[in-house]
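See structure below.
What follows is calculated from the coordinates using simple rules that are stated; it is not laboratory data. Quick caveat, the model's predicted, so the values are computed rather than measured. Don't worry about glycine lacking a Cβ; one is built from the backbone with ideal geometry, like all the others, and counts go over all protein chains shown.
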Amino acid sequence: MSTRRRAFLCCLLLPFLAAGQHKTRNVILVTADGLRWQEVFGGIDPLLQNEKSAGMEEADELRARLSAATREERRRKLMPFFWSTLAPAGIVLGDVSKGSSVKVTNKYHVSYPGYSEILTGRAQDGVIVGNRPIRNPTQTLPEFLRRKLGLTKEQVALFGSWRVFHAIGESKPGTIFLNAGYRELPAGLSPRLEKLSSLQFDVLTPWPTVRHDYITFEMALEYLRTAHPGFLHIAFGEADDWAHDKRYDRVLVSIGYFDRALKQLWTAIQALPEYRDSTALVITSDHGRGGTVGDWTSHGQSVPGSEQIWLAMVSPETPARGETGFAGEVHQRDIAPTILELLGIDYREYTGVLGKPIPQALKAHFTPRPRASTK
Ligand SMILES: [Zn+2]
């Protein structure tokens, strides 16, 4: 970072920090594997809604329920809670058609590099090159937060549908509470968690490494209510796998469930005194995917557009501006430093971080003040 840029950021953030106004004490990160910006901002895709090769030949009910004349109407039908309640309460970035862009900086555009970029604030090109479950060599944000905030292992939790999170989520195994893929929970947590732990093996998906999002989400929600973690990552997986299987009908159903889960999560946050008015909710994706009938199922270096993701944030520190008024480009690696700033932690304390806090996510950015040089 140049001195000038650093000076600018300091003047940007200092009035805010000095005022001691930080209310954010908890972070809930929600990721949806391979959920495209096209569906988030535009609902059911007119290119795919009648496409036989996408499993839509018998999807009359879905088409009738989700179709509409405009993108805005279609997205409200696909993700009603997200667009009616969450978006107006915070910010949403990444609608490429409106000049807002969120991009991954890793060069692979597949899941492990993407999740690692979210959880470490940097791409690790040449080290994390694909989805093989090698141990993340870098201390992750949840590991850093556990130490920085003096949290116990149980207060820093990750529930994921995809098995590989066991390798992604922590550089030192056992640092955080982590349950992903088909994996039993420790006994004695709560009757509901014991039930979900056994249920996961009775209701199988078609994929050996990805369990149902219902199991992952219900586990995380019960854990939130009973263990009160300060950091919680809930990682949904199904939409990506249905897309790889060329089943757009199932992708749409998965996104509908994702929206209902967000509503349940938001309701829980409002109902729990430990979380109400003190929680940052950060929602994003690990990668995009193709934008044509030929390549929407896929993603990776050779698939144009799969570097393009989206990001939503709601927190006490974040302005309630919805998606309007934002232009320009931010990056996946900026998510971790932004979370640190929301918590009132100087992101530069996190060694090796390459991203920068996203100014639009901070109310201080919009506080009227004498205009400093921003070049
Ligand atoms: Zn994928």
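Worth pointing out:
- Mean-position separation - Cα centroids, region 73-141 and region 199-261, in angstrom: 17
- With Rh defined as the Kirkwood radius, the inverse of the mean 1/r over Cα pairs, the Rg/Rh of region 229-295 is 1.08.
- Other residues within the sphere of radius under 14 Å centred on the Cβ of Pro304, judged by their own Cβ, net out at +2 (K and R +1, D and E -1).
- Whole-Hz couplings from phi, Karplus 6.51/-1.76/1.60, listed for region 264-278; x for Gly and Pro: 4, 5, 4, 4, 5, 4, 5, 8, 9, x, 5, 10, 4, 6, 9
- Of the GluC sites (Glu not before Pro) in region 113-205, those whose Cβ has at most 12 other Cβ within 10 Å and which sit in DSSP loop: Glu184
- Relative contact order of the chain, defined on C-alpha pairs under 8 angstrom at six or more residues apart (%): 29
- Structure-based [θ]222 nm, the chain - -39500 (n - 2.57) summed over DSSP H runs of at least 4, per residue, nearest 500: -9500 deg cm²/dmol
- Exceeding the 26 Å Cα-Cα cut-off - candidates Lys52/Lys263; Lys153/Lys195; Lys246/Lys356: Lys52/Lys263; Lys246/Lys356
- Estimated vicinal HN-Hα couplings, Hz - region 62-73 in sequence order (Karplus 6.51, -1.76, 1.60; Gly, Pro = x): 4, 4, 5, 7, 10, 6, 6, 6, 10, 4, 4, 5
- Extents of the chain, taken as max minus min of Cα coordinates on every principal axis and listed largest first, are 59, 50, 44 Å.
- Residue-by-residue Karplus 3J(HN,Hα) for region 283-296, coefficients 6.51, -1.76, 1.60, Hz, glycine and proline x: 10, 7, 9, 7, 6, x, 7, x, x, 10, 4, x, 10, 5
- Positive-end residue, region 3-356 charge dipole about Cα centroid, Cβ charges, pick of Met56, Pro208, Thr279: Thr279
- Check: the chain dipole with +1 on Lys, Arg Cβ and -1 on Asp, Glu Cβ, in debye: 1360
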